[in-house]
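To start, the structure itself, in structure tokens.
The values are calculated or read from the model by the stated rules, or taken from the named source; none is laboratory data. Just so it is clear, the model here is predicted, and its values are computed rather than measured. Note that we place each Cβ from the backbone using ideal geometry, even for glycine, and neighbour counts take in every protein chain shown.
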Amino acid sequence: MQDSVMKAWWDSSHMAGGNTAYIEEMYEAYLEDPQSILENWKVIFDALPKVDGVEVESNHTQIKADFKHMASLGPAARFTPGAAATQGDVQSDERQVKVLQLINAYRFRGHQHANLDPLSLWIQPGVRDLELKHHNLSESDFGAMFNLGSYAVNADKMGLGDLFKSLNRTYCGSIGSEYMHITDTEQKRWLQQRIESVEAKPVIDRDEKINILKGLIAADGMEKYLGAKFTGAKRFSLEGGDALVPMLKGLITQAGAFGTKEVVIGMAHRGRLNILVNVLGKNPSVLFDEFAGKHDDTLGAGDVKYHAGFSSDFATPGGNVHLALAFNPSHLEIVNPVVMGSVRARLQRRHCEDGSAVLPITIHGDAAIAGQGVVQETFNMSQTRGFKVGGTVRIVINNQVGFTTSNIEDARSTQYCTDIAKMVQAPIFHVNADDPEAVMFVTKLALDYRNKFKRDVVIDLVCYRRHGHNEADEPSATQPLMYKKIKKHPVARQIYADQLIAEGTIEKHEVDKLMAEYRAALDHGACVVQEWRPMTEHSVDWSPYIGHDWDVEYDGSLTVEKMKELGNALINYPEKHRLQSRVNKLYLDRKAMVDGEKMLDWGMAENLAYATILADKTNIRITGQDSGRGTFFHRHAVLYNQEDGSAYLPLQNISADQGRIDIYDSVLSEEAVMAFEYGFATAEPSYLTIWEAQFGDFANGAQVVFDQFLSSGEAKWGRLCGLTMLLPHGYEGQGPEHSSARLERWLQMCADHNWQVCVPSTPAQVYNMLRRQAVRPMRRPLIVMSPKSLLRHPLAVSSIEELAAGVFYNVIDEVDELDPQHVKRVVMCSGKVYYDLLDQRRKNEKNDVAIVRLEQLYPFPQEEFKAIMAKYEHVTDWVWCQEEPQNQGAWYCSQHHIWQSIPPGSNLTYAGRKASASPAVGYVSVHNQQQKALVEDALTIN
Ligand code: AMP
């Protein structure tokens, strides 16, 4: 406080002396609302200094009430509740205010003086606010008693000397707590209560200590064993971050006690083998076989062992918890949204909206969490309607080196690698991994926070990496000083065992016995996790979907009456729900379609497909940037009341016992959202899960997801996934970015029937394509080049009977009545260009060119194609026509299939744009010329 202001106030105030409690109350009111107190008090408080420009106090009446409640719950608190202190002997001068400022300085910045780095290499700059003299206090004040304000130890006053020690123990020990960036007072108070009441060091009983030690013995023992048995083989050792094993086991155990039924874990390869064996209970003998090169031939292409997922059950005091470690590629961090999607699916299956039944745990690297944008995307998604999962516990294995980058100035521009978490005001606990009791404390705290507030929380496990990036690497080449230190640094197991021996918790021979037992268990090769249980707790059965290919038989037909009934339900909405005029017109049109007065358009057919799927009690989830309305204003599955903005989904109200449908306009992200939907669809076969791109090229932002998960997840990991991707595609003169969904890329990755690539050209086709995807007992990704202008094309309409028939045609023959014998050329095409060709041919009044549409480009419908081609056996002039430039689209990727189906000796030629570096031209006039030319080229027989 400015001295002159303070003195003037103090001299004139009748509130000095023992009335600091009253002043503090006033101060609290001021913090809540500066206008709520008298102006002269406001002037005083306005003049109080800030720490780093930030107000450093918060209301705290509640925190004391919270504390008393907590104290009544159990023995965790170090101080037992006592009678309220009298005020008479408390310091009554301005130093009281300074002491309150000191407390808050520790809350804000104590973490910068905490002892976080096991190697003591990471030096943070000194913080003046944590020095007594910065607050005009000194050691000579140590004997003086002060009120503690909101400092949540169980005392109202304390000598400054004791308080200073307490603050240092609480905020500058092995834990650096960052939570003062949280604006929600309740959360902040709750955290203060939990941290300060036990000075960040709870009492841990002997059993728990032994359990922690066993975890460290397992972590270290496993790596040593692998290092000796498979010297030089890559294992991405956990060594240095050994605390992760007891930490995860503690986290799962506590989650189970809280009532959690499933835990889904995502992690990169560092430490993965260790977690597989020591937490999830994979049999060591299986892992050793993998090291020895043995593998299960039935598992397709397979993957390296440090990408493997695993499932098991784990016994906890609250019952068995199902564990699922997600499979993931080398691309660090991308597994996080996959885990979140998987958790969301499991939560919905368990009808748990608040996240308590399923816990996501994501394990990050320090360089990656700061470096990779998908992390930011997942934080942004974490509280949104469509993507929230009740909070994720995020653990950073902070080994202070990202491959070779260890200098902070090369790795990031933030103080901590975890600063990104502040965007959602997540609390962050930095903790020294060589103090496993501190690790366990923050682990429990983090989980309790997640469960209470349903928000993300971060634990920054500050550790080191004993070896190189992998075991074949030589880290001292690039980190000489760090590795000199690491070579001499004792392992966590030894440090903790010595601590327990010194405090009399265990004797050395007992430690040796535990180590020998663990080694013997590895030799034996059976599961080493006591809590492991065979899987019974997972809630989904994939067996109906296993072993079916895309052509498996199914019946998708419905009666026209049923279709009309559903159509009527689809156009029904509450009378008071006033529609926008264009939407109203669209719904009137839809009524005419149901009444048989109009042919069905794209939007109606698509909505009807969803209605029929829901009527079958299959669930639907649709996300994308404009998925409620549809980018091109065609879907309008969500209706907004023009009076009050409320939303109404007719699809949610088609019958009493229908499936569930959720349609969310997503956050403006592709990578994390597509990965989330992949995670959802791989965890939930009973849903039709759809991701829609605003424009097809937007999918580019998610390339890692379709390269490394969607296209190859089944081949690598045996994980089925029925995700449907609607990617608007079509050349309409909108320039290079929004014309192409990059069909060629999807086709290039086609093999082993890994996914389907479809280009439906009529409302009946989109209806039956979607129904097929839901009804058929097969779950494989469906990539759809969906239309834009076709949504309103007068020729792109269908009858309700065509829909009701329930057949998706992979190939569609010529529709006009041409005599096949007169046909001299067959033009094959996909998508919108068909209508340009048809229109022109009709204008030309020529009947010697047949037009055949390929509606499914992959898996290539060889038999159906051949059957249609049989009609044109005499034709030798075959043309593939496409809108995309020659190096793009289907021409190069699909022509080998066509060659196999056309009559021997035929000619197959190309009609389309010439090869181009850019997907499309930017000028509409050039586009129009090109389009005209390619259509003429296709139809003109030389
Ligand atoms: P999880 O709940 O993910 O641990 O999965 C439990 C079991 O269900 C796995 O061990 C698999 O046998 C099976 N499973 C889970 N997801 C899939 C999937 N996407 N495709 C096929 N089988 C799956």
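In region 702-737, how many residues are surrounded by fewer than 21 Cβ atoms within 10 Å (Cβ to Cβ) and away from the ligand (no atom under 16 Å from the Cβ)?
Qualifying residue count for the region: 9.
For THR505, indicate whether it is in a loop (DSSP other than H, G, I, E, B), within 16 Å of the ligand (Cβ to nearest atom) and among the hydroxyl-bearing types (Ser, Thr, Tyr).
no
Tally time: how many residues in region 768-784 are within 16 Å of the ligand (Cβ to nearest atom) and not in a helix (DSSP H, G or I)?
7
Can you find a residue in region 366-376 that is among the acidic types (Asp, Glu) and within 15 Å of the ligand (Cβ to nearest atom)? Give the derivation first.
Residues of region 366-376 that are among the acidic types (Asp, Glu), as a first pass: 366.
Then drop every residue that is not within 15 Å of the ligand (Cβ to nearest atom), which leaves none.
For region 366-376, residues among the acidic types (Asp, Glu) and within 15 Å of the ligand (Cβ to nearest atom): absent.
Quick one: which strands (runs of 3 or more DSSP E) sit completely within region 113-200 and have at least 2 residues that are crowded, with 18+ Cβ neighbours inside 10 Å and of a type outside the set (A, V, I, L, M)?
The qualifying strands (runs of 3 or more DSSP E) are 145-147, 175-178.
Within the group GLY391, GLY355, which residue is away from the ligand (no atom under 16 Å from the Cβ), within 30 Å of SER413 (Cβ to Cβ) and not in a helix (DSSP H, G or I)?
Values: GLY355 fails: within 30 Å of SER413 (Cβ to Cβ).
Just a single option satisfies the conditions, and that option is GLY391.
Quick one: which of SER58, SER140, SER72 is of a type in the set (Ser, Thr, Tyr), out of contact with any Pro (no Cβ under 7 Å at 6 or more places or on another chain) and modelled with pLDDT of 50 or more?
Among SER58, SER140, SER72, only SER140 is of a type in the set (Ser, Thr, Tyr), out of contact with any Pro (no Cβ under 7 Å at 6 or more places or on another chain) and modelled with pLDDT of 50 or more.
Can you tell me which residues in region 327-343 are part of a helix (DSSP H, G or I) and aliphatic (A, V, I, L, M)?
Within region 327-343, the first condition is being part of a helix (DSSP H, G or I), and the residues that meet it are 335-343.
Within region 327-343, VAL335, VAL338, VAL339, MET340, VAL343 qualify.
Yes/no per residue for (1) surrounded by fewer than 19 Cβ atoms within 10 Å (Cβ to Cβ); (2) touching a strand residue (DSSP E or B) at 6+ places or on another chain (Cβ under 9 Å); (3) modelled with pLDDT under 95:
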position: VAL826; (1), (2), (3): no, yes, no
position: SER830; (1), (2), (3): no, yes, no
position: TYR834; (1), (2), (3): no, yes, no
position: GLU845; (1), (2), (3): yes, no, yes
position: ASP848; (1), (2), (3): yes, yes, no
position: LEU854; (1), (2), (3): no, yes, no
position: PHE860; (1), (2), (3): no, yes, no
position: LYS866; (1), (2), (3): yes, no, yes
position: MET869; (1), (2), (3): no, yes, yes
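Determine, yes or no, whether ALA477 is more than 22 Å from GLN193 (Cα to Cα) and surrounded by 24 or more Cβ atoms within 10 Å (Cβ to Cβ).
Details: more than 22 Å from GLN193 (Cα to Cα): yes; surrounded by 24 or more Cβ atoms within 10 Å (Cβ to Cβ): no.
No, not satisfied.
Residue by residue through region 662-686, note down the ones that are part of a loop (DSSP other than H, G, I, E, B) and closer than 23 Å to GLU714 by Cα.
Start the filter on region 662-686 by keeping residues that are part of a loop (DSSP other than H, G, I, E, B), which leaves 666-670, 684-686.
Result: GLU670, GLU684, PRO685, SER686.
With respect to SER330, is the statement that it is away from the ligand (no atom under 12 Å from the Cβ), surrounded by fewer than 24 Cβ atoms within 10 Å (Cβ to Cβ) and over 15 Å from the mean Cα position of the chain (by Cα) true? Talk me through it step by step, then tell me what you get.
Values: away from the ligand (no atom under 12 Å from the Cβ): yes; surrounded by fewer than 24 Cβ atoms within 10 Å (Cβ to Cβ): yes; over 15 Å from the mean Cα position of the chain (by Cα): yes.
Here the answer is yes, as SER330 does meet what is asked.
Assess whether GLY679 counts as being within 16 Å of the ligand (Cβ to nearest atom), small (Gly, Ala, Ser) and in contact (Cβ under 8 Å) with a residue 12 or more places away in the chain.
yes
Just one of THR378, THR384 is touching a helix residue (DSSP H, G or I) at 6+ places or on another chain (Cβ under 6 Å) and of a type in the set (Ser, Thr, Tyr); which is it?
Every option except THR378 fails the conditions.
Which residue out of GLY525, GLY547 is at pLDDT below 95 and away from the ligand (no atom under 16 Å from the Cβ)?
After ruling out the rest, the residue left standing is GLY525.
Which helices (runs of 4 or more DSSP H) sit wholly inside region 243-313 and have at least 1 residues that are surrounded by fewer than 24 Cβ atoms within 10 Å (Cβ to Cβ) and among the polar types (S, T, N, Q)?
Answer list for region 243-313: 244-258, 284-291.
Would you check which residues across region 873-887 are of a type in the set (S, T, N, Q) and in contact (Cβ under 8 Å) with a residue 40 or more places away in the chain and list them?
Within region 873-887, GLN882, ASN887 qualify.
Among the residues of region 453-467, is there at least one that is over 18 Å from ILE363 (Cα atoms), in contact with an Asp or Glu (Cβ under 7 Å, 6 or more places away or on another chain) and either modelled with pLDDT under 95 or acidic (Asp, Glu) (or both)?
Taking every residue of region 453-467 in turn, at least one turns out to be over 18 Å from ILE363 (Cα atoms), in contact with an Asp or Glu (Cβ under 7 Å, 6 or more places away or on another chain) and either modelled with pLDDT under 95 or acidic (Asp, Glu) (or both).
With the structure loaded, tell me whether THR689 is modelled with pLDDT of 95 or more, within 16 Å of the ligand (Cβ to nearest atom) and part of a helix (DSSP H, G or I) or whether it fails that test. Walk me through how you get there before you give the answer.
Values: modelled with pLDDT of 95 or more: yes; within 16 Å of the ligand (Cβ to nearest atom): yes; part of a helix (DSSP H, G or I): no.
Considered against the rule, which asks whether it is modelled with pLDDT of 95 or more, within 16 Å of the ligand (Cβ to nearest atom) and part of a helix (DSSP H, G or I), THR689 comes out as no.
What tally of residues in region 872-918 results from selecting those that are buried (at least 17 other Cβ atoms within 10 Å of the Cβ) and among the charged types (D, E, K, R)?
Residues meeting the conditions: 4.
Filtering region 201-229 down to residues that are of a type in the set (A, V, I, L, M, F, W, C) and outside any helix (DSSP H, G or I), which residue is surrounded by the most Cβ atoms within 10 Å (Cβ to Cβ)? Please lay out each step first, then the result.
At the first step, the residues of region 201-229 found to be of a type in the set (A, V, I, L, M, F, W, C) are 203-204, 210, 212-213, 216-219, 222, 226, 228.
Going one step further and asking which of them are outside any helix (DSSP H, G or I), we end up with 203-204.
Values: VAL203: 11, ILE204: 15.
Taking the candidates together, the pick is ILE204.
Answer with yes or no whether GLY922 is surrounded by fewer than 21 Cβ atoms within 10 Å (Cβ to Cβ), assigned to a loop (DSSP other than H, G, I, E, B) and touching a Gly at 6+ places or on another chain (Cβ under 6 Å).
On the way: surrounded by fewer than 21 Cβ atoms within 10 Å (Cβ to Cβ): yes; assigned to a loop (DSSP other than H, G, I, E, B): yes; touching a Gly at 6+ places or on another chain (Cβ under 6 Å): yes.
Criteria met by GLY922.
Which numbered condition in (1) touching a residue at least 60 places away in the same chain (Cβ under 8 Å); (2) within 16 Å of the ligand (Cβ to nearest atom); (3) touching a Lys or Arg at 6+ places or on another chain (Cβ under 8 Å) is the only one that VAL335 fails?
Among (1) touching a residue at least 60 places away in the same chain (Cβ under 8 Å); (2) within 16 Å of the ligand (Cβ to nearest atom); (3) touching a Lys or Arg at 6+ places or on another chain (Cβ under 8 Å), VAL335 violates only (3).
Here's a check for you: in region 927-942, which residue that is at pLDDT 95 or above and of a type in the set (A, V, I, L, M) is surrounded by the fewest Cβ atoms within 10 Å (Cβ to Cβ)?
Across region 927-942, the extreme among qualifying residues is ALA933.
Tally the residues that are of a type in the set (Phe, Trp, Tyr) and under 16 Å from the mean Cα position of the chain (by Cα), restricting the search to region 385-443.
Of the residues in that region, 1 qualify.
Of all the residues that make up region 530-540, how many are near the ligand (Cβ under 8 Å from one of its atoms) and either without any contact (Cβ under 8 Å) to a residue 24 or more places away in the chain or of a type outside the set (Ser, Thr, Tyr) (or both)?
Residues meeting the conditions: 3.
Show the residue pairs that are 6+ apart or on different chains and have beta-carbon atoms under 7 Å apart, the first residue being within region 235-263 and under 21 Å from TYR464 (Cα atoms), the second being within 16 Å of the ligand (Cβ to nearest atom) and outside any helix (DSSP H, G or I).
Here the result reads VAL245/VAL279; LEU248/VAL279; LYS249/VAL279, each pair linking region 235-263 to a residue that is within 16 Å of the ligand (Cβ to nearest atom) and outside any helix (DSSP H, G or I).
Going through ALA472, ALA502, ALA516, ALA520 one at a time, which residue ends up being within 36 Å of the chain's Cα centre (by Cα), more than 30 Å from PHE680 (Cα to Cα) and aliphatic (A, V, I, L, M)?
Every option except ALA472 fails the conditions.
Which residues, counting only those in region 299-319, are away from the ligand (no atom under 13 Å from the Cβ) and of a type outside the set (Gly, Ala, Ser)?
ASP303, VAL304, LYS305, TYR306, HIS307, THR316, PRO317
Please go through region 339-375 and give me each residue that is among the polar types (S, T, N, Q) and under 23 Å from VAL431 (Cβ atoms), ordered by number.
Scanning region 339-375 gives THR362, GLN372.
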